[in-house]
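Here's the structure, in structure tokens; my notes come after.
Read the figures in this text as sums done on the coordinates, not as results from a lab. None of these values were measured; they are calculated from a predicted model. Because the Cβ atoms are built from the backbone with ideal geometry, glycine has one as well, and the counts that use them run over all protein chains shown.
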Amino acid sequence: MVMISVSTQLQAQGKTVYANIAFHKLKPGHSLEEAMNLEKRWKTIHLIRKEMGFIDEWAAFPIVNGYKTASVDYDYISVNVSSDLNKITQYPMDKYQELVKKDPSFANILAETEKVQSVSNNMLIKLLEGTGSSNDLNSIIMLETMKTTVSNYFNYVNFEKQMKSVHQDRIKAGEIQEWSFWQTIVPIADDSRGQFYAFTYYKDLAHLDAGGNNFIQSAQKRLQLNSDQLLKKIDQLRHINQMVLFQYAVGTWN
């Protein structure tokens, strides 16, 4: 939700959209409920950051029902969205001190958070293409992390931009709700999680299992590729490192 709706607004203003994704892992003996209760408290601080213009929005997204493969070394993500790359990770410490004076319980929030979870790593990404927002807080969000070769890098970017029309057809058919495609800015090392991210929103788990008939049919119409050609082209252009399902839990905009 926060990724698409804010991105759409910023794009309409002609601004580049950035997102900082933090990958959070629960520490032994602690629960997702504890972590989300802490994130609800952090929301107060992120609202201050939003008011100061450091970010446009922030939200936390747990993995749906803990569904993940052994390679997924985190339990939820938090996302900051901004059009200012230099401010997206900043915090107004003077405003934070004012908050602590009003509510001393915020004085130890960092230490309390570190007892419950840790951030395994961060990714800074930039929006390259996307559809509009469905404004559905209950969406099931599939995050795909992709890599490509140096020789296929720009060909893959162009391919995904062409795929926007296919995803728009899927939205009209009720197959998905929204989609966006992002490029990793940092870290840029070859051992990073991936060079690209795609977020696809589904109404529920049943729609996730509904099949991709509209995807294939639209690709044939829009790209003049039959199912075999489409799958072969996708396989040649990129490799999916991870596919994880998320759902919105808490954010600055509701």
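Just one residue in the set Gln247, Gln236, Gln217, Gln229 is surrounded by 15 or more Cβ atoms within 10 Å (Cβ to Cβ) and more than 16 Å from Asn138 (Cα to Cα); that residue is Gln217. Scanning segment 169-190 for residues that are under 19 Å from Val17 (Cβ atoms), hydrophobic (A, V, I, L, M, F, W, C) and either surrounded by 14 or more Cβ atoms within 10 Å (Cβ to Cβ) or in contact with a Cys (Cβ under 6 Å, 6 or more places away or on another chain) (or both) turns up Trp179, Phe181, Trp182, Ile185. For the criterion of being more than 18 Å from Phe23 (Cα to Cα) and under 20 Å from the mean Cα position of the chain (by Cα), Asp204 passes.
Taking residues in segment 79-95 that are in contact (Cβ under 8 Å) with a residue 24 or more places away in the chain, and partners anywhere that are part of a loop (DSSP other than H, G, I, E, B) and among the polar types (S, T, N, Q), the pairs with Cβ atoms closer than 7 Å and at least 6 places apart or on different chains are Ser83/Thr16. Quick one: which residue in Lys147, Lys164 is closer than 21 Å to Arg193 by Cα and among the charged types (D, E, K, R)? Testing whether each residue is closer than 21 Å to Arg193 by Cα and among the charged types (D, E, K, R) leaves just Lys147. Sort out which residues of segment 53-69 are exposed (fewer than 14 other Cβ atoms within 10 Å of the Cβ) and not small (Gly, Ala, Ser), and write them in order of number. Listed by number, the residues that qualify are Asn65, Tyr67, Thr69.
Residues of segment 214-233 include at least one that is of a type in the set (Phe, Trp, Tyr) and in a helix (DSSP H, G or I). If you go through segment 120-148 and keep only what is among the hydroxyl-bearing types (Ser, Thr, Tyr) and under 18 Å from Leu231 (Cβ atoms), you end up with just Thr148. Of the numbered criteria (1) of a type in the set (Gly, Ala, Ser); (2) surrounded by 14 or more Cβ atoms within 10 Å (Cβ to Cβ); (3) without any contact (Cβ under 8 Å) to a residue 60 or more places away in the chain, the one Gly29 fails is (2). Taken over segment 44-84, the residue count meeting the criterion of being under 21 Å from Tyr197 (Cβ atoms) and of a type in the set (Lys, Arg) is 1.
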